[in-house]
Amino acid sequence: MSTTYDVINPATGKAVKQIKEASVEETDAIIAKAAEAFKSWRNVTPYDRSNLLRAFSNKVREHREELAKIEIENSGHTRGNALWEADNVANVLNYYAGVPERLYGRQIPVAGGVDITFKEPIGVVGIIVPWNFPMPIAGWGFSAALATGNTVVLKPAELTPLTAIRLGELALEAGIPEGVLNIIPGKGSVVGNRFVTNPLVRKVSFTGSTAVGKSIMAGCADQVKRVTLELGGKSANIIFADTDIEAAANAAPGGVFDNAGQDCCARTRILVEKKAFDKFMEHFEKAVKSFRCEDPNLDSAGMGPLISKKQMDVVTSYINNESDSKLAFQGSMTPSGDGFWVPPTVLLPKDTKAKAWQEEIFGPVVAVLPFEDEADAIAKANDSIYGLSGSIYTSNLGKALRLSRAVETGNLSVNSHSSVRYWTPFGGFKQSGLGRALGPDSLDMYTETKNVFFNSEN
Ligand code: NAD
């Protein structure tokens, strides 16, 4: 039996909309529909599939204001971020619209015939999305999956289903056939778990916490089901004394407090070369205090509220744990309602074993520690179960290159905090994930390589 629940606006704590969550039986029925649709979608000509994805991209772009408005209300994202996120879905769809006509195999020299490889679609792909970036993460999954000829069942996070539901409607309006992209709101333990156990779903693409990702990987093992995982992070921002310290300090808040720190790529561990530590902290305090935490509808907002009361309580427990970390300073905040607000916060952990240094907090909290030299910086950066993102600030090219190779992480930026472009690969080392989203690498995640030998001797 299906049930309903209220989706909450995190800036005000008020209900926005009632959502019906799917039961196991309803989930199975939609998966069966997607399996049926796969039979024809995989055979849509490359030209037609490309055009349908382009039409979907255009439709999303036409509705960017509407989608952004929904996201601000459902997720508390700033207006600037929400518009960027809607555009990101349109851009990713447009990028992968070029794929059907370019999904090349290889011709490999052999004796007595011809050997060709094909990139075959996998079938029904189950995409499980977290609440922190509802639009982009849905779009990264479904764009690549649809372009390569798969059909999709997608489960948005319980807290943030509204934009995914609207994107599903826009796909139909753009001409994507019924059954090809199916949005199924519901519980992780019900709908998400069914993606793992229903044999008609041939691949699961999961983005979320490392704990749930591990259980999904274990569940998929039963059917040797294909799985990609985009999981947690505790990324390091490594700042050497030879860089422009004031500029690095001014850039640091944007690298960690964007989306109120609810970002798997947030640079939540700042490592500063000891001789520049005091100078960095002096400039960093000014930068943090001028980072604007306010009503997300304002164009000036740097960050809004946290997603839920539960998340606010978790984040606050790290800030109040004085035996673990000392509070260095906090930024200001002008919340406009009863929502779930925490100001930008800077902690000084007691050492590298501190919880605030090791655990993913997923809120506007950053921990800062000094390092001695290059070797110490590498050792401290790599002392983590995670390896998703990170930054290196130095004016020494050789040092930048050495660090880029030595830091065990999937996405690094040198003298910048940018790490996600839709045409470059994105994913994690270690317990931050398995496989890659975006760019050309994502196509391998949604296809099987088939090798065919044609005998020319008979
Ligand atoms: P979560 O793991 O609690 O939930 C993620 C999704 O999984 C939700 O849709 C949820 O309903 C579903 N789910 C929960 N239990 C399930 C189960 N047993 N079976 C199947 N599905 C289940 O994560 P969250 O709290 O929504 O998101 C925050 C986490 O996501 C953070 O750890 C963050 O680092 C991570 N994240 C990673 C990336 C990345 O690309 N590496 C991007 C964004 C977020």
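Check cross-link reach from LYS14 to the lysines: straight Cα distance under 20 Å, and skip same-chain residues fewer than eight apart.
Output for LYS14: LYS69, LYS309, LYS310.
Rounded, prolate or oblate: which fits region 1-97, taking a ≥ b ≥ c as square roots of the Cα gyration tensor eigenvalues, rounded meaning a/c under 1.5, else prolate when a/b beats b/c?
Oblate, because a/c is 1.5 or more while a/b does not exceed b/c.
Roll a 1.4 Å probe over the protein heavy atoms and report the accessible area of SER389 in Å², nearest 10.
That residue has around 10 Å² of solvent-accessible surface.
Taking 0.36 nm per residue of sequence separation and subtracting the Cα-Cα distance, how much length would be gained by fully extending the chain between SER404 and ASN58, in nm to one decimal?
Extra length available between SER404 and ASN58 comes to 120.8 nm.
Against the longest principal axis of the chain, how steep is helix 245-257, in degrees 0 to 90 to the nearest 10, with axes from Cα atoms?
50 degrees
Please go through region 403-458 and write out the GluC sites (Glu not before Pro) that DSSP classes as loop and that have at most 10 other C-beta atoms within 10 Å.
Answer in residue order: GLU457.
Run the helix sum for the chain: -39,500 (n - 2.57) per DSSP H stretch of 4+ residues, divided by residue count, reported at 222 nm to the nearest 500 deg cm²/dmol. Walk me through the numbers on the way to the answer.
On the way: 15 runs with 172 residues, N = 458.
Estimated from H runs of four or more residues: -11500 deg cm²/dmol.
Place +1 on the Cβ of every Lys and Arg and -1 on the Cβ of every Asp and Glu in the chain, take the dipole about the Cα centre, and give the residue among PRO161, ALA287, VAL180 whose Cα lies farthest towards its positive end.
Comparing the listed Cα positions along the dipole, VAL180 ranks first.
Write out the GluC sites (Glu not before Pro) in region 177-256 meeting two conditions: DSSP loop, and at most 12 other Cβ atoms within 10 Å of their Cβ.
Within region 177-256, the qualifying GluC sites (Glu not before Pro) (loop, at most 12 other Cβ atoms within 10 Å) are GLU178.
Using per-residue counts of other Cβ atoms within 10 Å, averaged over each peptide, order 302-310, 255-263, 345-353 from highest down. Mind showing how you got there, number by number?
Values: 302-310: 23.3, 255-263: 25.2, 345-353: 17.8.
The peptides rank, most packed first, as 255-263, 302-310, 345-353.
Could you tell me which residue out of ALA37, PRO349, PHE329 lies farthest along the dipole of the chain toward its positive end? Charges go on the beta carbon: Lys and Arg +1, Asp and Glu -1, centred on the Cα centre.
The Cα lying farthest towards the positive end belongs to ALA37.
Nothing charged except the Cβ atoms of Lys and Arg (+1) and of Asp and Glu (-1): what's the magnitude of the dipole of the chain about its Cα centre? Round to the nearest 20 debye.
560 debye
Treating the angle as unsigned and between 0 and 90°, give the value, to the nearest 10°, between the Cα long axis of helix 134-147 and the longest Cα principal axis of the chain.
30 degrees
Would you mind classifying region 133-241 by shape? Square roots of the alpha carbon gyration tensor eigenvalues, ordered a ≥ b ≥ c; an a/c under 1.5 is rounded, otherwise it is prolate if a/b is larger than b/c and oblate if not.
Note, shape of region 133-241 comes out oblate.
Hey, what angle do you get for helix 309-319 against the long axis of the chain, alpha-carbon based, 0 to 90 degrees rounded to 10?
40 degrees
So which chymotrypsin sites (Phe, Trp or Tyr not before Pro) in region 380-458 are both in a DSSP loop and have at most 12 other Cβ atoms within 10 Å of their Cβ?
Answer by residue number: TRP423.
Given points 7 Å out from each Cα along the Cα-Cβ axis, report the LYS326 to ASP6 separation in nanometres with one decimal.
4.4 nm
So which aspartates and glutamates can LYS450 reach, going by Cα to Cα under 20 Å and dropping same-chain residues fewer than 8 places off?
GLU101, ASP115, GLU120, ASP441
Give the Kirkwood hydrodynamic radius (Å, one decimal) of region 236-420, defined as one over the mean of 1/r across all pairs of different Cα atoms. Display every interim value, and only then the final one.
Working: mean 1/r = 0.0610 Å⁻¹.
By the Kirkwood definition, the hydrodynamic radius is 16.4 Å.
Write down the accessible area per residue of region 356-458 in Å², having rolled a 1.4 Å probe over the full set of protein chains.
45 Å²
Please report Rg (one decimal) and Dmax (integer) in Å for the Cα set of the chain.
Radius of gyration, then largest Cα-Cα span, for the chain: 22.9, 80 Å.
Any chance you could look up the accessible area of SER23 with a 1.4 Å probe, heavy atoms only, rounded to 10 Å²?
Here the accessible area works out near 10 Å².
Full extension from GLU285 to SER395: what is 0.36 nm times the residue separation minus their Cα-Cα distance, to one decimal in nm? The partial results should precede the final answer.
On the way: separation 110, 0.36 × 110 = 39.60 nm, distance 2.29 nm.
Separation in residues times 0.36 nm, less the Cα-Cα distance, equals 37.3 nm.
How much of the accessible area of the chain, probe 1.4 Å, is carbon plus sulfur, in whole percent? Intermediate values should be presented prior to the final figure.
On the way: 10090 of 18790 Å².
About 54 percent, which is the carbon plus sulfur part of the accessible surface.
Distance between Cα centroids, region 409-442 to region 71-113: provide it in whole Å.
That distance is 14 Å.
For a 19 Å ceiling on Cα separation, which of these pairs sit above it: LYS234/LYS430; LYS274/LYS380; LYS214/LYS350; LYS59/LYS187; LYS234/LYS380?
Flagged as over cut-off: LYS214/LYS350; LYS59/LYS187.
Excluding residues on the same chain fewer than 8 positions from LYS353, give the aspartates and glutamates whose Cα lies under 12 Å from its Cα.
Correct list for LYS353: ASP324, ASP383.
Over the chain, calculate the relative contact order: mean separation of alpha carbon pairs under 8 Å at least 6 apart, over the residue count, as a percent.
18 percent
The values are calculated or read from the model by the stated rules, or taken from the named source; none is laboratory data. For clarity, every value in this text was computed on a predicted model and none was experimentally measured. Glycine gets a Cβ as well: all are built from the backbone with ideal geometry, and neighbour counts include every protein chain shown. With ligands, DNA and RNA removed, areas are computed over all heavy atoms of the protein, side chains included. Shrake-Rupley method; radii C 1.70, N 1.55, O 1.52, S 1.80 Å.
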